[in-house]
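Below is one structure, written out as structure tokens, with a few remarks after it.
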Amino acid sequence: MKTLIKNGRVVDPSQNLDAVMDLLIEDGKITALEKKITAKADDVFDATGLVVAPGFIDLHTHLRDPGLEAKEDMRTGTMAAAAGGITRVACMPNTKPVIDSAVLVDGVKERAADVGYVHVEVIGAITKGEQGKELSEMGDMALHGAMAFSDDGHYVDSASTMLLAARYVGAFNKALICHDIVTEFNKEGFMHEGAVSALIGVPGIPSIAEDIAVARDAIIAKYTGTHIHIAHVASKGALDIIRKAKKDGINITCEVTVHHLTLTDEACRTYSTATKVSPPLRSWEHVEAMREGLKDGTIDAIVTDHAPHAPEEKDVEFRYAPNGFCGLETSVGVILTELYHSKLFTINELVNKMSTAPAKLFDLDAGTLKVGKNADVTVLDLDKEWVVDSSKFYTKGKLSPFNGKACKGKAVATMVDGKFVMKDGVLCKK
Amino acid sequence: MAKAAANLSGKDILDLASLSVDEYELIMQTAAEMKKIMKRDIKKVPSLRGKAIINMFYENSTRTRTSFELAGKYLGADVINISVASSSVAKGECLRDTLMTVEAMHCDAVVMRHPVEGAARYAADILKPVVLNAGDGAHAHPTQGLLDMFTIREHGKNFKGLKMAIIGDILFSRVARSNIAAWTKLGADVHVAGPMTLMPQDIEALGVTVHKRVEDAIEGADVVDILRIQLERQKKGMFPTTREYARIYGIGEDKLKLMKPDALIMHPGPMNRGLEISWDVGYCDQAVIREQVESGVAVRMALLFLTLMGGKQIENAN
């Protein structure tokens, strides 16, 4: 099977490439990337006027499978990814049961191979059951292909446990992904502490809850040399700490979510549970800082933190609603609208933060269109105008703070292992 | 006085920020009429005959619930109280289902008290009947704000340029937020003081002046609103002891001297005597705490009448 993607603007940061080229794919691999390919193909995709990029990678998703299928499952979650132009997702281990042993890592991988539309990387838990007490079998999980380890959803409260984890996992050259918000503050508060929380009376979470946690883990990264990756950084203070740590040569990286780059706590004024998330949506000052951090390289990757919930779980009073919302089907549109068309970022920068850079962070054999590599491709129409309609989403958790948003720019085709899984917004039969 | 140009027919009363000054005025004028009805021997008028009002209280309350109940009954409505001991979550039925059940019984107004911010708005988004917020978490208590406004006006004070002080637990207080919203809108100069652990971060954004010392907040004040201290705040460690609170933040006779001689002392009740307010200040000539309760019924009668009957005249009340 040969597929030819013709005449697209190939943007591949892994090769410093931005030129109109043809891309030939044979049996799942990229076999040629040239100005003009004349070889006959079974399928020709005309990419004239479109951007052809290495497949987008989302390092932070919750596919909820196994055990929480009312929120999402492997099939619907990866369908949402394919629809959104994302070829590879890493899924967090806070499922039921928590992914804290090699047999569970295998289970998720098998399920992904069976029903998944895109590649799935498995993140194992740092501690058994994400309880923050005893280390899980990270070595065994690493040998079974876990990408990294995280107790996402929870801060590892104990500094000594965190130090043990960082020391232990170093032997396997794996990273710890840290959900860094000091737990005590998170229990008492439900949104960003600031002018909006003062106005609407919802108890606030001070942004320093994040800064304090990040400072501790930067210190642990320095002491152990272990790669620490800060999940969904959202506070200016935390970002400043990471910036300084990177400058000092500490092995620390971080990611930012689409919503922390584009929304503020003003969105919470209506008490819509579609705006409730952890870390909370913060004030404009923090959003601006995130954009600066993305620009200057402090932030390595853009993620969704796709965290769907069942409708009845979110259809409650603000305080009682669980944190999180879906994001896989909106990330490309929102990022292109808010960061590309606003001229803040070039398309090369954005493709890097959504594909090449995240692959590098965790040594994934992806994020590139180099000849010989797996053919994971995201095709973008930078100027396509569309309106987010969450009722049409593939994800089960349809509540989105971006619902109704007018976007410019969309992924119009997604290719995984040389096969299109989405074309023109329609999923291809699995 | 000319009738204020506003119409509250069918409008949900969720907070004071979303009401206009004209709407305040209409409510104040109507409440003055209602106060006359309250003072009659036979208080019952048929203005809301055939209307059903449901008081849904997800949090304990005696005075607000009784006040709403009497307000409805004085106007001839049928009033039912539903006490929901615990939150919807603990009860097992979600709030949406409870609200839809109530609506299916064809009530005309739902008065709701709820421990969580935004619950009133959530209810209003679902329900066709009018929703009157009787307090939602730390967000808003609009009828308390309006009864405070009515009481202050009854004393000839008209907000613009007046120094108003709110003292105590601002952080968890829906009363404070409601009064800040209304008083700043009416052009008053609003000052707040209390333990800094009970002061919201960035509260200045609401247009108030924050003081570390109570004395500075109340000096030369025209109105001093003393908030109730919930004793569980101390148990949660928000301030060291009730003794220290009383000594530093409590309003006693000594602090009275700092205010204007005719300053009004207000308190939403119930009072913790000897904690946020001393025994003698609670009973002093300037204290209008019992008047606030009276105003509460009048204001709630006005709101029920205006939202349920709109622009129609009060049945030849006079």
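The values are calculated or read from the model by the stated rules, or taken from the named source; none is laboratory data. Everything quoted here is computed from the prediction, not taken from an experiment. So basically every Cβ, Gly included, is an ideal-geometry build from the backbone, and we count neighbours across all protein chains shown.
Considering B:269, B:220, which residue is more than 14 Å from every other protein chain (Cβ to nearest Cβ), assigned to a loop (DSSP other than H, G, I, E, B) and over 26 Å from residue B:63 (Cβ atoms)?
That would be B:220, the only listed residue that is more than 14 Å from every other protein chain (Cβ to nearest Cβ), assigned to a loop (DSSP other than H, G, I, E, B) and over 26 Å from residue B:63 (Cβ atoms).
Of all residues being among the small types (Gly, Ala, Ser) and not in a loop (DSSP other than H, G, I, E, B) in region A:364-398, which is farthest from residue A:329 (Cα to Cα)? Just the residue, please.
The extreme case among them is A:391.
Looking at B:259, B:238, which one is modelled with pLDDT of 95 or more, assigned to a loop (DSSP other than H, G, I, E, B) and out of contact with any Asp or Glu (no Cβ under 7 Å at 6 or more places or on another chain)? Let's see the steps before the verdict.
Numbers: B:238 fails: modelled with pLDDT of 95 or more.
The match here is B:259.
Among the residues of region B:107-152, which ones are basic (Lys, Arg) and either under 15 Å from the mean Cα position of the chain (by Cα) or within 11 Å of chain A (Cβ to nearest Cβ) (or both)?
Here is the first cut: in region B:107-152, the residues basic (Lys, Arg) are B:113, B:121, B:128.
Of everything in region B:107-152, those that are basic (Lys, Arg) and either under 15 Å from the mean Cα position of the chain (by Cα) or within 11 Å of chain A (Cβ to nearest Cβ) (or both) turn out to be B:113, B:121.
Could you list, in sequence order, all residues of region B:179-190 that are more than 10 Å from every other protein chain (Cβ to nearest Cβ) and either crowded, with 22+ Cβ neighbours inside 10 Å or among the hydrophobic types (A, V, I, L, M, F, W, C) (or both)?
Let us first name the residues in region B:179-190 that are more than 10 Å from every other protein chain (Cβ to nearest Cβ), namely B:179, B:182-190.
Within region B:179-190, B:179, B:182, B:183, B:186, B:188, B:190 meet the criteria.
Yes/no matrix, rows are residues, columns are (1) in contact with a Lys or Arg (Cβ under 8 Å, 6 or more places away or on another chain); (2) over 30 Å from residue B:137 (Cα atoms); (3) in a strand (DSSP E or B):
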residue	(1), (2), (3)
A:154	no, no, no
A:161	yes, yes, no
A:165	no, yes, no
A:169	no, yes, no
A:172	no, yes, no
A:177	no, yes, yes
A:181	no, no, no
A:184	no, no, no
A:187	no, no, no
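Quick check: anything in region A:335-354 closer than 30 Å to residue B:92 by Cβ, over 13 Å from the mean Cα position of the chain (by Cα) and buried (at least 24 other Cβ atoms within 10 Å of the Cβ)?
So far as region A:335-354 goes, no, none of its residues is closer than 30 Å to residue B:92 by Cβ, over 13 Å from the mean Cα position of the chain (by Cα) and buried (at least 24 other Cβ atoms within 10 Å of the Cβ).
Of all residues in region B:61-77, which are without any contact (Cβ under 8 Å) to a residue 60 or more places away in the chain, closer than 23 Å to residue B:115 by Cα and in contact with a strand residue (DSSP E or B) (Cβ under 8 Å, 6 or more places away or on another chain)?
B:69
Out of all the residues in region A:2-23, which are hydrophobic (A, V, I, L, M, F, W, C) and surrounded by 21 or more Cβ atoms within 10 Å (Cβ to Cβ)?
The answer is A:4, A:5, A:10, A:11, A:21, A:23.
Residues in region A:263-288 that are surrounded by fewer than 23 Cβ atoms within 10 Å (Cβ to Cβ) and either farther than 21 Å from residue A:241 by Cα or more than 14 Å from chain B (Cβ to nearest Cβ) (or both): how many?
11
Which is touching a residue at least 40 places away in the same chain (Cβ under 8 Å), away from chain B (no Cβ under 14 Å), closer than 26 Å to residue A:3 by Cβ and surrounded by fewer than 21 Cβ atoms within 10 Å (Cβ to Cβ), of A:370, A:384?
On the way: A:384 fails: touching a residue at least 40 places away in the same chain (Cβ under 8 Å).
After ruling out the rest, the residue left standing is A:370.
May I ask you to verify whether residue B:104 is away from chain A (no Cβ under 14 Å) and farther than 23 Å from residue B:295 by Cα?
So residue B:104 passes the test.
Just checking, does region B:209-232 include any residue being touching a Ser or Thr at 6+ places or on another chain (Cβ under 6 Å) and surrounded by fewer than 21 Cβ atoms within 10 Å (Cβ to Cβ)?
No: zero hits.
Here are some conditions: (1) part of a helix (DSSP H, G or I); (2) at pLDDT below 95; (3) within 21 Å of the chain's Cα centre (by Cα). Residue B:232 meets all but one. Which one does it not meet?
Residue B:232 satisfies all of (1) part of a helix (DSSP H, G or I); (2) at pLDDT below 95; (3) within 21 Å of the chain's Cα centre (by Cα) except (3).
Take the conditions in contact (Cβ under 8 Å) with a residue 40 or more places away in the chain and under 25 Å from residue A:273 (Cα atoms) and apply them to residue A:401. Does it pass? Talk me through it step by step, then tell me what you get.
Numbers: in contact (Cβ under 8 Å) with a residue 40 or more places away in the chain: yes; under 25 Å from residue A:273 (Cα atoms): yes.
Yes; evaluated as a whole, the condition is true for this residue.
Residues A:207, A:150: which one is within 14 Å of chain B (Cβ to nearest Cβ) and surrounded by 24 or more Cβ atoms within 10 Å (Cβ to Cβ)?
A:207
Would you call residue A:421 closer than 17 Å to residue A:88 by Cα and outside the structural domain of residue A:306 (by TED's automatic domain parsing)?
Yes, satisfied.
On the basis of being in contact with a Phe, Trp or Tyr (Cβ under 7 Å, 6 or more places away or on another chain), over 28 Å from residue A:360 (Cβ atoms) and either touching a residue at least 12 places away in the same chain (Cβ under 8 Å) or surrounded by fewer than 22 Cβ atoms within 10 Å (Cβ to Cβ) (or both), does residue A:87 make the cut?
Against the criterion (in contact with a Phe, Trp or Tyr (Cβ under 7 Å, 6 or more places away or on another chain), over 28 Å from residue A:360 (Cβ atoms) and either touching a residue at least 12 places away in the same chain (Cβ under 8 Å) or surrounded by fewer than 22 Cβ atoms within 10 Å (Cβ to Cβ) (or both)), residue A:87 does not qualify.
Taking region B:66-95 only, how many residues are at pLDDT 90 or above and either surrounded by fewer than 20 Cβ atoms within 10 Å (Cβ to Cβ) or touching a Lys or Arg at 6+ places or on another chain (Cβ under 7 Å) (or both)?
Final tally of qualifying residues: 14.
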